[in-house]
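The values are calculated or read from the model by the stated rules, or taken from the named source; none is laboratory data. A quick note: this is a predicted structure, and the numbers were derived from the prediction, not measured. Positions of Cβ are generated from backbone atoms using ideal geometry, with glycine treated the same way; all protein chains shown enter the neighbour counts.
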Amino acid sequence: MLPKSITVTTQEQAREAGRDIQRRNIIEATIKVLRAEGAAAITTRRIAQELNCSTKVIYTLFGGKEGLADALYREGFGRLQAQIVGVQPIENSATYLRGVANAYRQFALENPHEYGVMFGESIPQFKANAESLAVSTHIFMDIVQVTMTLPGQDEDSPEYVIKAFWALLHGMMSLHLAGHLHDPDAAVFDYAVRIFITGLFPSSLSNTGAE
């Protein structure tokens, strides 16, 4: 027979694993509703209906709609991070940043509803808390760590460079998703990215032109 302390720990681990599965199911159901019905449909009642469960489960695991929206916010940034991490660091900063830009654009185009939650304040009255904002910023600070190790850096602050780069990418994609830039071939996006990158790395002009 197992010692009582080990039995209790095992039972608690099993309960926590079960809660993790419940959280994952709720987040996936929320994403499904978000994509099909829009951010305004994200309520504890609607998600409970989607899962055929009590709203009490959602309140217990997320604390209500605010906590659910925050989980959705973090989920979006986690998926964006996975997309960016897929860009392989190489010994050419300009080419690497161009790959990051394309990955960012692809994520926004493929996940417009999630992007709206992350940046567009599409869920009424939702504001990400300080901890979640720090998580989102951390994604791009990871890029700083990569670019600091690549040749071509000068006296510019890597943190400022990446924040400016993020502002450029976000501005372009926000305009596109809002319908202000009808640019199916990404010509304007490519042009803006090329101008930014060649400002940092003038020698890359011939390698980062719009395709």
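Only one of the listed residues (GLY86, GLY76) is loosely packed, with under 13 Cβ neighbours inside 10 Å and in the same structural domain as LEU168 (by TED's automatic domain parsing). That residue is GLY86. Candidates are the residues of the stretch 89-133 that are hydrophobic (A, V, I, L, M, F, W, C) and within 17 Å of ALA186 (Cβ to Cβ); the one that is surrounded by the fewest Cβ atoms within 10 Å (Cβ to Cβ) is LEU109. Among the residues here, ARG45 qualifies as assigned to a helix (DSSP H, G or I), exposed (fewer than 13 other Cβ atoms within 10 Å of the Cβ), more than 18 Å from the chain's Cα centre (by Cα) and charged (D, E, K, R). The residues of the stretch 65-100 that are part of a helix (DSSP H, G or I) and among the acidic types (Asp, Glu), listed by number, are GLU66, ASP70, GLU75.
Yes or no, residue by residue, for (1) part of a loop (DSSP other than H, G, I, E, B); (2) aromatic (Phe, Trp, Tyr); (3) in contact with a Phe, Trp or Tyr (Cβ under 6 Å, 6 or more places away or on another chain); (4) at pLDDT 85 or above:
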| residue | (1), (2), (3), (4) |
| --- | --- |
| GLU159 | no, no, no, no |
| ALA164 | no, no, no, yes |
| LEU169 | no, no, yes, yes |
| MET173 | no, no, no, yes |
| HIS176 | no, no, no, yes |
| HIS182 | yes, no, no, no |
| PHE189 | no, yes, no, yes |
| VAL193 | no, no, no, yes |
| SER203 | no, no, no, no |
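If we scan the stretch 52-59, do we find a residue that is hydrophobic (A, V, I, L, M, F, W, C), closer than 26 Å to PHE165 by Cα and either touching a residue at least 60 places away in the same chain (Cβ under 8 Å) or part of a helix (DSSP H, G or I) (or both)? Checked against the condition, which is being hydrophobic (A, V, I, L, M, F, W, C), closer than 26 Å to PHE165 by Cα and either touching a residue at least 60 places away in the same chain (Cβ under 8 Å) or part of a helix (DSSP H, G or I) (or both), the stretch 52-59 yields no hits at all. Take THR60 and decide whether it is at pLDDT 90 or above, among the polar types (S, T, N, Q) and either out of contact with any strand residue (DSSP E or B) (no Cβ under 8 Å at 6 or more places or on another chain) or under 17 Å from GLY116 (Cα atoms) (or both). Yes; evaluated as a whole, the condition is true for this residue. Counting only residues that are in contact (Cβ under 8 Å) with a residue 12 or more places away in the chain and charged (D, E, K, R), the stretch 81-122 holds 4 of them.
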